[in-house]
Amino acid sequence: MASLCLHYFSSALYRSYSFKTAIQVNLLTPKTSLSKMASSEYSFTTGTRRPECRIHTHAHSFTSDHRPNPIDPNQIAHEFRFFRVYKDGRIEKFRSTEKIPPSDDPITGVRIKDVEISSQPAVSARIFLPKIHDSTRKLPILYHVHGGGFCFQSAFSPLHSKYLTLLTAEANVITVSVEYGLFPDRPIPACYEDSWAGLQWLAGHVHGNGPEPWINDHADFRRVFIGGESAGGNISHNLAVRIGSLGLPGVNLAGMVLVHPYFGGTDDDKMWFYMCPSNGGLQDPRLKPSAGDLARLGSKRVLMFVAEKDHLNVVGRNYYKELKESGWEGSVEIIENEGEDHCFHMENSSNEKAVALIQRFVSFMKEE
């Protein structure tokens with residue numbers, strides 16, 4: 001018996017993240033269904049751990065895995081949810097990001113590899129290939145964009161790797177999770193440009209002659225989905241706008257999934273402005289989608305989740321309302337996770353509502 005830990009501490013723009021209780025989900029067979037995850041036949045063991053404090057230092061920034069003791073406020077120029085800026089120019093990030101190498105999953109049969117998309121700037125991706133039962137059958141693609149407040153987390157983290165392994169196996173899709181540049185090493189708009197570069201790289205496989213054999217051999221470009229959590233939801237929206245405006249030859253964007261997405265309208269906007277020196281203020285369309293961009297959205301189907309206790313609930317609902325009123329000719333569904341907080345489904349996968357969220361995500365990608 002192997003266990004799959006969907007322990008999650010890292011989605012973007014809600015609270016300062018601490019390591020939560022880890023939930024061990026015992027998967028009894030490769031065919032385990034999500035609907036059984038919360039049933040009594042499964043053994044859920046919980047435990048807490050305190051993270052080891054790691055400090056990463058370079059010329060202008062360093063990272064600690066916990067908030068440091070209070071210091072002289074006269075030394076601080078700015079303090080945001082995820083980092084602090086000192087008057088001497090140093091930036092202290094409150095969270096580091098663990099990364100693990102790719103490793104095939106023996107329980108689900110999902111194979112995993114990392115690929116380089118660009119060396120300058122550095123853009124890469126982690127690819128998840130479900131167990132192939134029929135080599136003649138092409139599979140949908142999920143282009144996933146991770147959260148992390150534009151300044152931490154990774155496609156290579158154990159948290160996302162385990163979550164996406166499960167999602168890949170249950171939905172029977174090829175998942176490509178982009179590793180984009182993070183502040184402060186690469187300020188916004190690097191996250192948007194890198195994610196677009198990754199999507200163009202993916203589209204380079206449309207004719208079956210791209211650099212990645214898994215995609216050449218198994219991908220169905222008539223069924224491409226984009227999705228992400230929190231900051232990743234924001235980036236996913238911006239990618240769909242580019243597809244609607246510029247096109248992506250050979251790629252049909254069959255749907256977009258936004259889980260507890262971040263958009264403008266909260267105190268965290270100040271942090272986004274600082275991370276994006278070229279920002280256009282409160283009306284920057286990357287932060288607050290314009291009616292014109294919403295009307296041009298490159299997908300005709302959108303699935304959204306908002307969490308009742310999430311302070312991003314309001315901006316998520318505003319996006320839903322404004323999308324419906326924009327003149328966009330598509331269908332959008334919104335689901336509120338009652339009594340739940342930001343990205344709860346990744347913190348506690350045994351939660352019945354978390355199971356339901358993941359099931360709906362999966363079924364959305366299976367619908368024609």
When the charge dipole of region 150-292 is computed with +1 on Lys and Arg Cβ and -1 on Asp and Glu Cβ about the Cα centre, the Cα farthest towards its positive end, among 239, 276, 159, belongs to 239
Sorted by chain and then number, the residues having a modelled amide H within less than 5 Å of the amide H of residue 104, at least 5 places away or on another chain, are 112
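What percentage of the solvent-accessible surface of region 228-282, computed with a 1.4 Å probe over protein heavy atoms, is contributed by carbon and sulfur atoms? Before the final figure, lay out the partial values.
Numbers: 890 of 1640 Å².
Taking all protein chains in place, region 228-282 shows 54 percent carbon and sulfur surface.
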Note to self: with every protein chain in place and a 1.4 Å probe, region 283-351 gives an accessible area per residue in Å² of 42 Å²
Here region 131-142 yields Karplus 3J(HN,Hα) values (6.51, -1.76, 1.60; θ = phi - 60°; whole Hz; Gly and Pro given as x) of 4, 8, 9, 9, 5, 8, 8, 7, 10, x, 10, 10
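How long are the semi-axes of the equivalent ellipsoid of region 264-368, defined as square roots of 5 times the Cα gyration tensor eigenvalues? Whole Å, largest first. Mind dumping the intermediate values first?
On the way: eigenvalues 131, 82, 25 Å².
For region 264-368, the ellipsoid semi-axes come out as 26, 20, 11 Å.
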Rounded to whole angstrom, the alpha-carbon centroid of region 188-249 lies from that of region 80-94 at a distance of 32 Å
For residue 300, counting only aspartates and glutamates whose alpha-carbon sits under 18 Å away and dropping same-chain residues fewer than eight positions off, the answer is 220, 322, 325, 329, 333, 367, 368
For residue 87, the lysines lying under 29 Å Cα to Cα, once residues fewer than eight places off in the same chain are dropped, come out as 270
Log10 I(q)/I(0) at q = 0.10 Å⁻¹ for region 135-255, from Debye over equal alpha-carbon scatterers, is -0.29
Sorted by chain and then number, the residues having a modelled amide H within less than 5 Å of the amide H of residue 220, at least 5 places away or on another chain, are 139, 141
Among 285, 342, 302, the residue whose Cα sits farthest towards the positive end of the charge dipole of region 275-344 (+1 at Cβ of Lys and Arg, -1 at Cβ of Asp and Glu, taken about the Cα centre) is 285
Residue span residue 290 to residue 86: 0.36 nm per residue of separation minus Cα-Cα distance leaves a gain in nm of 70.0 nm
In whole Hz, the Karplus estimates of ³J(HN,Hα) for region 211-219 (6.51, -1.76, 1.60; θ = phi - 60°; x where Gly or Pro) are x, 10, x, 4, 6, 4, 7, 10, 7
Checked against a 30 Å limit on the C-alpha separation, the offending pairs among 131/324; 99/131; 321/353; 93/324 are 131/324; 93/324
The convex hull of the Cα atoms of region 270-312, divided by residue count, gives a volume in Å³ per residue of 112 Å³
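The values are calculated or read from the model by the stated rules, or taken from the named source; none is laboratory data. The model shown is predicted, which means the values in this text are computed figures rather than measured ones. For neighbour counting, all protein chains shown are included, and Cβ atoms are generated from backbone atoms with ideal geometry for every residue, glycine included. Quick note on the areas: whole protein, heavy atoms, side chains included, nothing else; ligands and nucleic acids left out. Shrake-Rupley method; radii C 1.70, N 1.55, O 1.52, S 1.80 Å.
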